[in-house]
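Okay, structure first, notes after.
The values are calculated or read from the model by the stated rules, or taken from the named source; none is laboratory data. Note that this is a predicted model, so its numbers are computed, not measured. Because the Cβ atoms are built from the backbone with ideal geometry, glycine has one as well, and the counts that use them run over all protein chains shown. Surface areas here come from the heavy atoms of the whole protein model, side chains and all, with no ligands, DNA or RNA. Shrake-Rupley method; radii C 1.70, N 1.55, O 1.52, S 1.80 Å.
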Amino acid sequence: MGDKPIWEQIGSSFVQHYYQIFDADRTQLGAIYIDASCLTWEGQQFQGKAAIVEKLSSLPFQKIQHSITAQDHQPTPDSCILSMVVGQLKADDDQVLGFHQTFLLKSFQGAWVCTNEVFRLALHNV
């Protein structure tokens, strides 16, 4: 079996980078967004780098740890990368929860940035 396709390499690297920063200091995530980026977080819409970082920074927990169960990446016809992540997270002393997160990555000024992101906890019967 050969090397992974380039979109899988880029997607996997982005996912690893994103969760390392998120778990260490999510206030530093601004570098992966642009002013046109959009985030849907549990149904709430945010647009622009500043609004997204403000939302992520204001989440009501002190520490968090993500564990990735699976990730899938696809190239899009317009040279972007669609990445879907499934995993678990533990925030502070709360119970472990499942989550789903999708990213649309675009090459912008020589770097891969997140233009669109959707996050949902995997809650059932709530």
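Among the numbered criteria (1) more than 23 Å from SER37 (Cα to Cα); (2) of a type outside the set (Lys, Arg); (3) open to solvent by 40 Å² or more (accessible area, probe 1.4 Å), which single criterion is violated by PRO77?
For PRO77, the failing item is (1).
So, in segment 34-69, of the ones that are farther than 16 Å from THR102 by Cβ and within 13 Å of the chain's Cα centre (by Cα), which residue ends up most open to solvent (accessible area, probe 1.4 Å)? Show your work before the answer.
First pass over segment 34-69, keeping only residues farther than 16 Å from THR102 by Cβ: 34-36, 47-51, 53-55, 57-65, 67.
This time we only want the ones that are within 13 Å of the chain's Cα centre (by Cα), so: 53, 67.
Values: VAL53: 26, SER67: 64 Å².
It comes out as SER67.
Cβ-Cβ under 8 Å, sequence separation 6+ or interchain: first residue in segment 99-110 and more than 20 Å from GLN65 (Cβ to Cβ), partner surrounded by 15 or more Cβ atoms within 10 Å (Cβ to Cβ) and of a type in the set (Gly, Ala, Ser). Which pairs?
THR102/SER83; LEU104/SER83; LEU105/GLY11; LEU105/SER83
I need the full set of residues from segment 19-34 which are farther than 13 Å from THR115 by Cα and touching a residue at least 40 places away in the same chain (Cβ under 8 Å), in order please.
Once the filter is applied, which keeps residues that are farther than 13 Å from THR115 by Cα and touching a residue at least 40 places away in the same chain (Cβ under 8 Å), segment 19-34 yields TYR19, PHE22, ASP23.
If I filter segment 83-98 down to residues being surrounded by 14 or more Cβ atoms within 10 Å (Cβ to Cβ) and over 11 Å from the mean Cα position of the chain (by Cα), which single residue comes out as nearest to SER13 (Cα to Cα)? Show your work before the answer.
First, pick out the residues of segment 83-98 that are surrounded by 14 or more Cβ atoms within 10 Å (Cβ to Cβ): 83-91, 98.
Going one step further and asking which of them are over 11 Å from the mean Cα position of the chain (by Cα), we end up with 87-91, 98.
Working: GLY87: 16, GLN88: 19, LEU89: 19, LYS90: 22, ALA91: 23, GLY98: 21 Å.
Of everything passing the filter in segment 83-98, GLY87 is nearest to SER13 (Cα to Cα).
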